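Read the figures in this text as sums done on the coordinates, not as results from a lab. In this text the structure is predicted, and so the values were computed from the model without any measurement. Heads up, the Cβs are rebuilt from the backbone with ideal geometry, glycines too, and the neighbour counts pull from every protein chain shown.
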Amino acid sequence: MRSNAAARAAAALLLTVVLAGCAATGADPVSTPATTSPDPSVVPAASGALDCADLAPVGLIAAALQGSAPEPVAPVVAVHPDAVFEAVLLEGVGGLSCSWRVGAGMPVYNSPSDWAYLRIAVLPDAAADWVPPQGHEGGAAPTRPIGDVEAALLAGDSGWVLSAPVGAHWVQLDLRAAALTASGGRYRGVDGSTVVERLAEVAAAAFTTIAAAPADGFGPPLVAVGDPAAECRGGLAAPGILDAAEAPPGAELVAFEREEPAASFDEAVALRAGTFTCAIVVDGYPATVIRTARGFGGLVDRFAAPDADRSFVAVVPADVPDGQAVTAYVQETGDIGVRPLAALAVGDSLHWIDGEHAGAIAQAIVAQTF
């Protein structure tokens, strides 16, 4: 079992390689012509460390997020709430995680809603580790040329993914939206190949900028990553965690070692960040997952930024000794079938809790730490 297998954001994107919208129109999402890199003058040459504004013109980003409505859209900087933890890890190791949103209606997924998010993520000096994204039934995604880069393309129930080695770096773009398999979504009625071509234009601009970036094109890591042992002890000790989760008899708290090589972009980031996982295993299945990133606690305030602030609320854990730094954000959701999430910073450690009773587990970690 891979230590990051329970990361919902990646799994949701890769549920199936047949996008319902493409199937309805008979479109082949990978049969579109190769995209030519845009005129370099469109994307100003960057000097020093890149930022998100350097990666692609806002007009291309808006076009990819347009959907079927004729009215122009104005993307705003925002990250999908489920992707905040991955963004924190990437930022901490010195990468770029850039995300824009149009529409509203978060966090409802499969009911009439018009939100869509476009993310461009760069893991520096990781091209040699690149692997194409995998469909949930196995098998690597097909590739297509984008300028001089051979990129892998995958379509799934919630959107599209483009991934490629660009120069020395691993670059991934994903476009996700609500209700792609139901009525009322932003891309209802749009041919899948049209969306792919728009996303490829964004990728072409980003690839051009990243390939031309100077040696100092990415800033230094924000976190000095060590090599913490994957052990469920201290605040992560089994007694309090299992009790807080109301785990059934026979449940175990199991530590998962980081596996190499990484099988996805997010796993590669997690390896670079030195994360490890403690999972509550019930009948052989990880029912609740706690991912820990030592040194990343100072970045927990990202859970109060757009659009994490639409989904997470700050809570004050009880029994924190004076002078100790503890911050917690818990997801508020009334959606049936949606697993709660919580982010907890205790000192310099950041914990990402995915499963039932996430808030109670966060409190248990605090209680067992002090």
Check your understanding: Is segment 234-369 rounded, prolate or oblate when judged by the Cα gyration tensor, a ≥ b ≥ c being the square roots of its eigenvalues, rounded requiring a/c under 1.5 and prolate requiring a/b larger than b/c?
Key -> rounded
Review point. What distance in nm separates the simple spin-label points at residue 76 and residue 301, each placed 7 Å from Cα in the Cβ direction?
Key: 2.1
**Study point:** Gain upon complete extension [residue 282, residue 150; 0.36 nm per residue less C-alpha separation]
**Key:** 43.4 nm
Practice item. Provide the gained length on full extension for the span residue 310 to residue 216, in nm with one decimal, where the gain is 0.36 nm per separating residue minus the Cα-Cα distance. Key: 30.4 nm
Check your understanding: Based on the Cβ-Cβ distance of residue 68 and residue 127, what FRET efficiency does E = 1/(1 + (r/R0)^6) give at R0 = 25 Å, to the nearest 0.05?
Key -> 0.10
Exercise for review: Can you figure out the FRET efficiency of residue 319 with residue 58, using R₀ = 41 Å and their beta-carbon distance, to the nearest 0.05?
Suggested key: 0.30
Review point. Listing 290, 61 from the residue with the fewest other Cβ atoms within 10 Å to the one with the most, what is the order?
Key: 61, 290
